[in-house]
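One structure below.
The values are calculated or read from the model by the stated rules, or taken from the named source; none is laboratory data. Please read all numbers here as calculations on a predicted model, not as lab measurements. All Cβ positions, glycine included, derive from the backbone under ideal geometry; neighbour counts span all protein chains shown. Surface accessibility is based on the protein's heavy atoms, side chains included, excluding ligands, DNA and RNA. Shrake-Rupley method; radii C 1.70, N 1.55, O 1.52, S 1.80 Å.
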Amino acid sequence: MAQHFLLSSAARSLSLAKVARMSDEEAHDAFRLIRWGDTDGKPVCPRCACAETLTYKTRALFKCKACGHQFSVTSGTIFASRKLPIRDYLLAIAIFVNGAKGHSALQLSRDLDVQYKTAFVLAHKLREALAAEMKDMTVSGTVEVDGAYFGGHIRPANHVDNRVDRRLAKHQTGKRRVVVIMRERGGRTLPFVFKAEGQSVETIAQRVAPGSVIHADEAAHWDKLHALYLTKRINHQESYSDGEACTNGAESFFSRIRRAEIGIHHHISGPYLGAYSAEMAWREDHRRVSNGEQYLMTVGAALAHPVSRVWKGYWQRSC
């Protein structure tokens, strides 16, 4: 039997111990080299894009010669206005990517010795940076489409006589949402959140390239896809794959997000469901990439992402 990738030496190219032992200067240099890789680590002004800067001996700041703007290695990025030492952000990213099924904010707060609120916002900033690369992405070729519902759980009453049929609409909480994914075989996974699975058809038409082949189950709302694509259907009551159609790739994604919900986060629904599903799509798409490469990709995505309009000052708004 072939060895699982995560058990191989190729999957391990990052040492948490080495990151934790970094000095502030080494961490600063690592951020600088990753953020300004195109200029070999030479700072570029985030305001006017001038590459001519001055440095300070007493502070880790740069000053643009053209516009006089002072900036740091994290200015204008998702880590702008940071308060933690810069090494802690590298350590947080290393811990975050090492979780095969995700990493909870509670555990991250213990790992970094910070408040839960700090860890919660930091983890969501990383998810936002990873999800940004999917913003305008499309898929093509053979694409599997499926949906899975999350949230809105109704706990059954203690006594049998008091229990209701939780499948009926009148007994629903209204909080239940569905994650619909478009997964390209051998390519990327695009997740979206809707109130009902049938609402995703328009988004599928926008994100799946014309001429693609769609694989879907027998749900009636996928009938509309036949007018747009060559669509192959699989009846899961009879089989999961019949040689012509299957959605096993989509089910693999849902298996990952379910395990993250049950074993790591315990609750991923509500307004954050889209963020968690985007993270799991990224993890699923890069599951055969070493943790060192994932680490560099995540740092690069965070430093390339502008200041978050969702998470900057999140708790100050009493959210």
key: Relative packing of 254-265, 194-205, 50-61, 83-94, which averages over residues the other C-beta atoms within 10 Å, highest first   = 83-94, 254-265, 194-205, 50-61
query = So what J values fall out for the range 209-214 if you push phi through Karplus, 6.51 cos²θ - 1.76 cosθ + 1.60 with θ = phi - 60°, rounded to Hz, Gly and Pro as x?
reply = 5, x, x, 6, 10, 9
inquiry  = Whole angstrom only: what separates the Cα centroid of the range 159-237 from the Cα centroid of the range 135-154?
reply    = 7
ask   = How much area per residue is accessible in the range 212-260 when the probe is 1.4 Å and only protein heavy atoms are counted (Å²)?
value = 53
query = If you place +1 on the Cβ of every Lys and Arg, -1 on the Cβ of every Asp and Glu, and leave all else neutral, what size is the dipole of the range 215-319 about its Cα centre, to the nearest 20 Debye?
reply = 640
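How large is the dipole of the range 41-89 about the Cα centre if only Lys and Arg carry +1 and Asp and Glu carry -1, each at its Cβ, rounded to the nearest 20 debye?
That gives the range 41-89 a dipole magnitude of about 140 debye.
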key: Cβ-derived FRET efficiency at R0 30 Å, ARG167 paired with SER241, nearest 0.05   = 0.60
query = Spin-label point model (7 Å from Cα, Cβ direction): what's the VAL307 to GLU52 distance in nm?
reply = 2.7
inquiry  = Using Stokes-Einstein with the Kirkwood hydrodynamic radius over Cα pairs, what translational diffusion coefficient do you get for the chain at 4 °C and a viscosity of 1.567 mPa s, in µm²/s rounded to a whole number?
reply    = 59
ask   = Using alpha carbon centroids, what distance separates the range 77-127 and the range 22-75, in Å?
value = 23
query = ALA2 label point, 7 Å along Cα→Cβ, cut-off 20 Å on backbone N: hits in the range 70-102?
reply = none
message = Per DSSP helix of 4 or more residues, -39500 (n - 2.57); summed, then divided by the residues of the chain. What does that give at 222 nm, rounded to the nearest 500?
response = -10000 deg cm²/dmol
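Out of all DSSP beta bridges with both ends in the chain, state the antiparallel percent to the nearest 5.
Restricted to the chain, the bridges split so that about 65 percent are antiparallel.
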request  = Take the solvent-accessible surface of the protein heavy atoms, probe 1.4 Å, and return the percent of it on the chain that carbon and sulfur atoms account for.
outcome  = 50
